[in-house]
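A short worksheet on the structure shown next.
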Amino acid sequence: FVSCEQLFNPALKGKPVCVLSNNDGCVVARSKEAKELGIRMGMPAFMAKKEFPQAYYLSGRIDLYGDISNRVMAVLSDFTPVVEVYSIDEAFIDLTGLRRLYKKDYVDIARDIREEINRRVGIPVSIGVSKTKTLAKLASERAKSLGGVYKIGSRDINTELQHTDLIDIWGIGSNTAAYLNKHRIYNAYEFVKQ
């Protein structure tokens, strides 16, 4: 959502920006700079504004975000017929068999997709490449700070899982992570091995 706002107001780039929920109740999206300040996801807006007055707080514009999302999904559909829209800002695509068509490996195809989205839509995206949705989602999180595209290949899985906290696994919340910690399971690798 922040990227959409920055697309229409470039002066916000590089600034601590938060997008608020409907009725401006809480923070639902943050720029990297806002995260670095310490603004938390779901933080009540009145608390965030009091504690971090230097940040920019914007009312969410779901119609705008939906329009941008549709444009991104259209670019994805131009690359592959298998696009599973997961949420307004997330999708899974199946690249199986496309290496031969594009004469590139999957990471290069992902880079092309990212560049095309930036060219046609104007927003940055992160893309994770892996053999399962959970691993691709983890790779996408890594991609946010490592150049936009990240691959977790078969040989890399155990190492990646050893460096992944339970709370960073898609679908594991803080209560489940705390429960697993009580049973001496602290990372994704230990979780998978159980």
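The values are calculated or read from the model by the stated rules, or taken from the named source; none is laboratory data. Computed from a predicted structure; not experimentally measured. Cβ placement follows ideal geometry from the backbone for every residue including glycine, while neighbour counts extend to all protein chains displayed. When the accessible area is computed, the model is the full protein with side chains, heavy atoms only, and any ligands, DNA or RNA have been set aside. Shrake-Rupley method; radii C 1.70, N 1.55, O 1.52, S 1.80 Å.
Here are the numbers for the structure shown:
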item	result
From phi via Karplus (6.51, -1.76, 1.60), per-residue ³J(HN,Hα) for the stretch 164-181 in Hz, x at Gly/Pro	10, 5, 4, 5, 8, 8, 3, x, 9, x, 5, 5, 5, 4, 4, 4, 5, 4
Cα-based Lys pair tally, the stretch 1-152, threshold under 12 Å, eight or more apart or on separate chains	6
11 Å cut-off, amide nitrogen to a point 7 angstrom out along Asn22 Cα→Cβ, residues in the stretch 45-73	62-63
Surface accessible to a 1.4 Å probe, per residue, for the residues of the stretch 153-194, Å²	74
Dimensionless Rg over Rh [the chain; C-alpha; Kirkwood]	0.99
Other-chain or far-sequence residues with amide H under 5 Å of Ile127's (modelled H)	Val149, Tyr150
Proximal aspartates and glutamates to Lys182, defined as alpha-carbon separation beneath 18 angstrom and excluding residues fewer than eight positions away on the same chain	Asp165, Asp168, Glu190
Cα gyration tensor shape of the stretch 9-72, rounded if a/c is under 1.5, else prolate or oblate by comparing a/b with b/c	oblate
Gained length - Tyr86 relative to Arg120, 0.36 nm times residue gap less alpha-carbon distance	10.1 nm
